[in-house]
Amino acid sequence: MIEKKNRILYIKRFLEEQTDEEHPATIADILAYLESEGIATSRHTVVREFEQLAEAGIDVICNNGKPNRYFIGERTFEMPELKLLVDAVRASRFIPPRKSDTLIEKLSGFASGSQSGELRRSLYTDKQARPVGDKAYIIVDMLYTAESSERKIVCKYFEYGADKKKVYRHNRQDYLFSPYGLVWNNDRYYTVGWSDSHGKIITLRVDRIAAPKLTDAPAAPKPQDFDMAFYAEGIIQMYDGIMRDVTLHCKNEMMKHVIDRFGEYVDTEIIDAEHFTARVRVPASPTFFAWIFTFCGGIRICKPRMSIGAKSEPHLSGNGR
């Protein structure tokens with residue numbers, strides 16, 4: 001029985017690692033492989049093992065011919081899916097290079113040996129700095145654990161000074177933080193949650209969280225009107241400031257930028273052959289004005305009249321960034 005189990009596992013491994021649609025194997029190939037592993041068997045037994053693998057849900061395909069050739073058909077991931085995942089891992093600035101290599105190696109295990117070479121093709125990525133260690137990677141896992149178990153974390157938060165050294169906020173104050181969710185934006189992780197220190201909801205950049213610890217204290221309950229999409233699409237994605245209903249006057253060629261920022265369902269109206277308006281709700285801040293100025297008049301604010309840095313209304317949300 002032990003020999004039989006080993007034989008099935010070796011046959012399965014051979015098919016997964018050595019075969020695909022373009023590289024099928026004959027029974028003779030499999031017998032030679034098994035013999036090299038010290039397993040003696042017969043053609044009839046191998047065919048029977050194929051049937052048992054198929055009954056277990058393994059997609060063993062037979063190309064009828066002289067001789068018949070076999071390969072694994074449907075896999076957990078198809079090659080286009082694997083290429084997409086590998087490119088996403090390779091391009092991510094959040095994932096350290098060492099961890100990126102490890103993840104790509106693991107993803108390559110879902111392909112055959114010949115296919116895995118295709119996953120190592122070159123992909124140009126920008127040269128922005130990546131983290132050296134795995135700390136941010138581990139913090140993300142802790143935040144998910146805290147969210148699912150409805151517990152608080154305690155941590156510190158830092159920025160960078162002119163000398164490139166870390167400057168901890170509020171004299172290294174501990175943040176007691178209840179994470180409500182994470183957002184991936186502009187190749188960065190942000191966490192949204194309640195800060196006991198601030199007495200309101202704030203957002204924190206995950207890679208700027210320091211010395212986090214999971215506590216046994218129950219998380220602060222989410223406010224009834226809490227809307228994660230609001231933070232993902234507004235506060236984190238673009239700006240943090242006073243919420244305004246804004247009408248933008250745009251040249252037609254600006255539509256791609258408006259959709260990139262506000263989504264395909266943004267409220268727009270054609271004004272003339274060359275212009276349209278877009279009605280959006282945004283936290284108005286200097287960052288918002290900077291985005292408008294990027295387009296050199298291609299996008300203008302027509303309603304309401306605004307002044308940079310206006311403080312006439314309280315912020316709807318805080319930000320720990």
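Data table
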quantity: Boolean, Ala273 is small (Gly, Ala, Ser) and buried (at least 16 other Cβ atoms within 10 Å of the Cβ); calculated: no
quantity: Unique match (being within 17 Å of Ala146 (Cα to Cα), among the charged types (D, E, K, R) and out of contact with any strand residue (DSSP E or B) (no Cβ under 6 Å at 6 or more places or on another chain)) among Asp216, Asp174, Asp196, Asp187; calculated: Asp216
quantity: Single unsatisfied condition, Gly38 versus (1) under 15 Å from Ile8 (Cα atoms); (2) not in a loop (DSSP other than H, G, I, E, B); calculated: (2)
quantity: Verdict on Ala162 being surrounded by 18 or more Cβ atoms within 10 Å (Cβ to Cβ), at negative phi and outside any strand (DSSP E or B); calculated: no
quantity: Count of residues meeting criterion [surrounded by 14 or more Cβ atoms within 10 Å (Cβ to Cβ) and under 27 Å from Phe14 (Cα atoms)] in the stretch 88-101; calculated: 1
quantity: Residue match in the stretch 45-54 (condition: closer than 28 Å to Glu105 by Cα and either surrounded by fewer than 16 Cβ atoms within 10 Å (Cβ to Cβ) or among the charged types (D, E, K, R) (or both)); calculated: yes
quantity: Single condition Glu264 does not satisfy, out of (1) in a loop (DSSP other than H, G, I, E, B); (2) of a type outside the set (A, V, I, L, M, F, W, C); (3) surrounded by 13 or more Cβ atoms within 10 Å (Cβ to Cβ); (4) outside the structural domain of Val154 (by TED's automatic domain parsing); calculated: (3)
quantity: Top-ranked residue in the stretch 25-35 [being touching a residue at least 40 places away in the same chain (Cβ under 8 Å) and assigned to a helix (DSSP H, G or I); ranked as nearest to Asn68 (Cα to Cα)]; calculated: Ile27
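The values are calculated or read from the model by the stated rules, or taken from the named source; none is laboratory data. Not measured: the values here are computed from a predicted model. For neighbour counting, all protein chains shown are included, and Cβ atoms are generated from backbone atoms with ideal geometry for every residue, glycine included.
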